[in-house]
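The values are calculated or read from the model by the stated rules, or taken from the named source; none is laboratory data. Note that the structure is a prediction, hence the values are computed from the model and not measured. When we count neighbours, we look across all protein chains shown, and the Cβ atoms used for this are built from the backbone with ideal geometry, even at glycine.
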Amino acid sequence: MSLYVNQDYAQPTAHLRRYSLRLDGFASVRAPYGGGELLTRPLTFAGDRLLVNFSTSAVGGIRVEVQDAAGKPVPGFALADAVETIGNEIDRVVRWKSGPDVGKLAGRAVRLQFVMKDADLVALRYAGAKP
């Protein structure tokens, strides 16, 4: 989204300034170059894919571990299985070595651990609910 502001109106130095806002991104959780983590509370979801709205630098990235409600990594969704997410998108599917399908975890209480480096996490959502 872009906003245009007229500056120095009626002055010889009058000009327009353009400000841009990230789509659906007014606030985020930020991790510096040194890294950081975010752990969610236990949550229950419907769907078969986890999607994130995020932005990383060229050297940054985000990995996601799915844990059970007690904090134990779910086999196949541990941090070691996570495929690093790099880029700048509003709807990227999170992946693990076995693929993106988290449908077998739907309806169970899980925690998500985001391990980030030089990255902003704006939002997450589940999609593709199975009938």
Do any strands (runs of 3 or more DSSP E) entirely within the range 3-95 hold 3 or more residues that are loosely packed, with under 15 Cβ neighbours inside 10 Å and without any contact (Cβ under 8 Å) to a residue 24 or more places away in the chain, and if so, which? 15-20
Do you know which of the residues in the range 18-48 that are out of contact with any Leu (no Cβ under 9 Å at 6 or more places or on another chain) and over 30 Å from A109 (Cα atoms) is modelled with the lowest pLDDT? R22
Can you tell me which residue in the range 96-116 is nearest to G47 (Cα to Cα), limited to those that are assigned to a strand (DSSP E or B) and touching a Pro at 6+ places or on another chain (Cβ under 8 Å)? V110
